[in-house]
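J.: Sending over a structure as structure tokens; questions will come in a sec.
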Amino acid sequence: MYVYFFTFRSVTHAQQAASTLNTAGIPVSILRTPKAIAVHGCGYSVQVRTGFYRQAADELTRHGVQFQRIFCRLPDGSFEEVSA
């Protein structure tokens, strides 16, 4: 299963995103951004399962919740940046 990470600079922005997505019925979890994809050292991410990736991107955009980047964790554990 693929997992998608929407990255944010702060835990506050990640919490805002999680709240927006939970309200839309999209299950998420907040975690520290994995070092392999962290832009400026540390940060926080909202993790979304494959089936909700596109809907999550649309909801965040529609509600004006700005994320930094989106990454997909591939089955081998590596990451690939994807577009919204």
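The values are calculated or read from the model by the stated rules, or taken from the named source; none is laboratory data. Computed from a predicted model, the values in this text were never measured in an experiment. Don't worry about glycine lacking a Cβ; one is built from the backbone with ideal geometry, like all the others, and counts go over all protein chains shown.
J.: Which of the residues belonging to region 53-64 are touching a strand residue (DSSP E or B) at 6+ places or on another chain (Cβ under 9 Å) and at pLDDT 95 or above?
T.: Across region 53-64, the qualifying residues are Gln55, Ala56, Ala57, Leu60.
J.: Mind counting the residues in region 53-68 that are crowded, with 18+ Cβ neighbours inside 10 Å and within 17 Å of Tyr2 (Cβ to Cβ)?
T.: Going through region 53-68 one residue at a time, the tally reaches 3.
J.: Could you list, in sequence order, the residues of region 1-36 that are touching a residue at least 40 places away in the same chain (Cβ under 8 Å) and surrounded by fewer than 19 Cβ atoms within 10 Å (Cβ to Cβ)?
T.: Those that are touching a residue at least 40 places away in the same chain (Cβ under 8 Å) and surrounded by fewer than 19 Cβ atoms within 10 Å (Cβ to Cβ): Met1, Tyr2, Val3, Arg9, Gln16, Pro34, Ala36.
J.: I would also like to ask the following. Taking region 38-49 on its own, how many of its residues are in contact (Cβ under 8 Å) with a residue 40 or more places away in the chain and surrounded by fewer than 20 Cβ atoms within 10 Å (Cβ to Cβ)?
T.: Selection size over region 38-49: 2.
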